[in-house]
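Okay, structure first, notes after.
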Amino acid sequence: MTCIIGMACKDGVVIVADKRVTIGYEVIDDEQKIIELPIGVMVAPVGLVSLNKDRFIPMLEQEIKKRRIMTIYELIEAVEDVTIEVNRRYREIIGTDNLIKII
């Protein structure tokens, strides 16, 4: 189970997450779940770890550069588009829906 908590403070935002990941029967206790994008925004994708690291984040970073994202609304649209694309592309291979979700 992933736990990510964010809180607005007087001088900024605090975001914390657990670091435990379970892959089958393997447990990893030091996984970075909050990722800073090149535009200073933090994302916390949940789902299959390998898809997040190897596909989702690189694809999202590429979209940010390609679209020259300047607003939160443009970023939300890019996140939605990349999430749909990753889920569409890997749904049949892995055999499940909703491989990646955005919190």
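Each reported figure results from applying straightforward, stated rules to the coordinates on display, with no laboratory input. Everything numeric here is computed off the predicted structure, so don't read it as measured data. Quick reminder, even Gly has a Cβ in these numbers, built from the backbone with ideal geometry, and neighbours come from all protein chains shown.
Local charge for LEU75 was computed over the other residues whose Cβ lies under 12 Å away, with Lys and Arg +1 and Asp and Glu -1, and equals -4.
Each residue of the stretch 25-41 was assigned a 3J(HN,Hα) from its phi angle through the Karplus curve 6.51 cos²θ - 1.76 cosθ + 1.60 (θ = phi - 60°); the sequence is 9, 8, 10, 10, 9, 9, 9, 7, 9, 9, 10, 8, 7, x, 9, x, 10 Hz, with glycine and proline shown as x.
Count Lys and Arg as plus one, Asp and Glu as minus one, and take only other residues whose Cβ is under 13 Å from that of ILE28; the net charge is then -1.
Summing charges over neighbours of ILE39, with a neighbour being any other residue whose Cβ is under 14 Å away from its Cβ, gives -1 when K and R count +1 and D and E count -1.
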